[in-house]
Amino acid sequence: MHLLHVEGSPRKQRSASLEVARSFIGSWQARYPSGTIDTLDVWNMALPPFDGAALDAKYAGLAGQARTVEQETVWNEIRALAERFHRADLILFSAPMWNFGIPYRLKHLIDAVSQKDLLFTFDERGLLGLLGGRTVVIVAARGVALGEDFPEKDFDFQSAYLRMWSRMVGVTDVRTVTVEKTLFGTEADEASRSKAKAEAEELAGIV
């Protein structure tokens, strides 16, 4: 078994999403002692800019045209990122909520790597994801709780976005662990983290 952990938080020491994800990983490792883990930390890696040569490479591929050396170089970087997703049996996202969505570096990764013939394709049948058979686990941290004046169906562009992306690339088995109210004081924060860690550890025993 091989797990890809996509770290979406830059706040390594006090990150609620990362703390809960580590609990999941610990239980997963106990279940799969020979399992391997690849960590993709979007805040401590060079993400290929998706402009210029990358955009030209994308549209050259869509048009069936040969890519230039520059275009092929950047496309190889993007392909290497995509291969890390393909190698995974389980993809774990740990992400805080920023302005009801995901951090811009995580969105950058998704925009760069989600390309035709890398993570999905399409033909007369429609959009076809290429990561079928895998499981995605989302650990979503929020400073407040959604609901009441901020109903989840209207304001969740965090876990809902990652679920949508998962479906786009062909993953139908998507599980979510949410840790909320991390900004409501130490007691509420610790209680929410403890509850989410217990849920994550239980989930690691069944996925």
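Some notes on this structure:
- Rg ratio for the range 155-196: its Cα radius of gyration over 2.2 N^0.38 Å, N being its residue count, equals 1.49.
- Here LYS197 is the anchor, and the aspartates and glutamates within straight C-alpha reach of less than 16 Å, apart from those fewer than 8 places off in the same chain, are GLU19, GLU180, GLU187, ASP189.
- Computed from the C-beta positions of ARG79 and GLU187, the FRET efficiency with R₀ = 45 Å rounds to 0.45.
- Put simply, the amide H of THR176, placed in the peptide plane, has neighbours under 5 Å in ILE138, leaving out anything fewer than 5 places away on its chain.
- Extension gain, VAL69 back to LEU127 (0.36 nm per residue minus Cα-Cα distance, nm): 18.0 nm
- Tilt relative to the chain, helix 16-31 - C-alpha long axis, 0 to 90 degrees, to 10: 80
- Gain on full stretching of the segment that runs from SER194 to HIS86 - 0.36 nm per residue minus C-alpha separation: 35.7 nm
- When +1 charges are put on Lys and Arg Cβ atoms and -1 charges on Asp and Glu Cβ atoms, the dipole computed for the chain relative to its Cα centre reaches about 280 debye.
- When only Cα pairs below 8 angstrom with a gap of at least 6 residues are kept, the range 2-205 shows a relative contact order of 27 percent.
- Mean residue ellipticity at 222 nm, helices only, the chain: -13500 deg cm²/dmol; runs of at least 4 DSSP H residues each add -39,500 (n - 2.57), and the sum is divided by the number of residues.
- Ligands, DNA and RNA left out, the accessible area of the range 103-207 computed with a 1.4 Å probe is 52% carbon and sulfur.
- The convex hull drawn around the Cα atoms of the range 42-125, when projected onto a plane and averaged over every direction, covers 7.2 nm².
- When Rg and the Kirkwood Rh are both derived from Cα coordinates, the Rg/Rh ratio for the chain amounts to 1.00.
- Along its principal axes, the range 1-99 has C-alpha extents of 48, 34, 19 angstrom, given from the largest down.
- With only Cα atoms counted, the range 118-207 has Rg and Dmax values of 16.0, 54 Å.
- Based on protein heavy atoms only, the range 2-205 ends up with 50 Å² per residue of surface accessible to a 1.4 Å probe.
- Estimated vicinal HN-Hα couplings, Hz - the range 100-109 in sequence order (Karplus 6.51, -1.76, 1.60; Gly, Pro = x): 6, x, 9, x, 4, 5, 5, 5, 4, 4
- The range 21-51 and the range 130-207 have Cα centres lying 17 Å from one another.
- Cβ-Cβ FRET estimate between GLU148 and GLU202, R0 fixed at 30 Å, reported to 0.05: 0.60
The values are calculated or read from the model by the stated rules, or taken from the named source; none is laboratory data. Not measured: the values here are computed from a predicted model. We place every Cβ from the backbone using ideal geometry, glycine too, and count neighbours over all the protein chains shown. The protein model used for the area step is the full one, side chains on, heavy atoms only, and it has no ligands, DNA or RNA in it. Shrake-Rupley method; radii C 1.70, N 1.55, O 1.52, S 1.80 Å.
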